[in-house]
1. Hey, which lysines would be in cross-link range of residue 67, C-alpha to C-alpha under 17 Å, not counting anything within fewer than 8 residues on its own chain?
2. What accessible area per residue comes out for the stretch 60-127, rounded to a whole number of Å², with a 1.4 Å probe?
3. Under a point-charge model restricted to the Cβ atoms of Lys and Arg (+1) and Asp and Glu (-1), what is the dipole moment magnitude of the chain relative to its Cα centre, in debye to the nearest 20?
4. Sort 129, 89 by accessible area with a 1.4 Å probe, largest first.
5. Given a 1.4 Å probe and every protein chain left where it sits, what share in percent of the accessible area of the chain is carbon and sulfur?
6. Suppose we look only past 15 Å in the calculated P(r) of the stretch 1-82. What percent of the Cα-Cα pairs does that tail hold?
7. Over all alpha-carbon pairs in the stretch 46-116, figure out the percentage whose distance exceeds 19 Å.
8. Mind giving me the FRET efficiency for residue 145 and residue 15? R0 is 22 Å, r the Cβ-Cβ distance, nearest 0.05 is fine.
Amino acid sequence: MSEDSINEQVFRFLEGEWIVHRRFEGSYRGSFSGKACFASEADTPSNYLYHEQGELIDGENKRFDAKQSYLYRLTEGKLEVLKQDGSAWEAMHVLEFQKQEGIATASHVHLCGDDHYATVYRVDLSRGWELSYTVNGPKKDYRIHTFYSRGTG
């Protein structure tokens, strides 16, 4: 690897296409399988538009087409994840990765209304990465585990 910071290394590693497998456990149960892509913006190479689409299967085995988009931005040496709120992008996570034994990890906690989201990113720069949420609130108590890999799924 170059002399880039670990945050820059993780950012560059994310670019391209990924196979996505997600599972929901707790008060909400289900799974998602699909594809995701991090595409750089030509005029802003420090931004990746993230888009995923696939099939969501809920706990009652109902199937739905599902998609979502985020903006990943490398700014001031940190990796920010933004979600769209109307026509504007709103910061959701600000990440500073630490690397130990070849694995880069970062975590962030944010509130969405009365709900508490604890997020952990775990990136193996030689293979793939994982994203985990623990969601708690007055009406929520579940975990989301997402696994990203290259290849055909």
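1. 35, 83
2. On the way: 4430 Å² over 68 residues.
That works out to 65 Å² per residue.
3. On the way: 18 positive and 24 negative charges, 117 e Å.
Once rounded to the nearest 20, the dipole reads 560 debye.
4. Details: 129 5, 89 90 Å².
Order by accessible area, largest first: 89, 129.
5. Numbers: 4160 of 9000 Å².
Heavy-atom surface of the chain belonging to carbon and sulfur, 1.4 Å probe: 46 percent.
6. Details: 2090 of 3321 pairs.
Within the stretch 1-82, distances greater than 15 Å cover 63 percent of Cα pairs.
7. Values: 1336 of 2485 pairs.
That fraction is 54 percent.
8. Values: r = 23 Å, r/R0 = 1.04.
After rounding to 0.05, the efficiency reads 0.45.
The values are calculated or read from the model by the stated rules, or taken from the named source; none is laboratory data. Fair warning: this is a prediction, and the values are worked out from it, not measured in the lab. Ideal geometry is used to build each Cβ from the backbone, glycine not excepted, and the neighbour counts take in all protein chains shown. Side chains included, ligands, DNA and RNA excluded: accessible areas come from the protein's heavy atoms. Shrake-Rupley method; radii C 1.70, N 1.55, O 1.52, S 1.80 Å.
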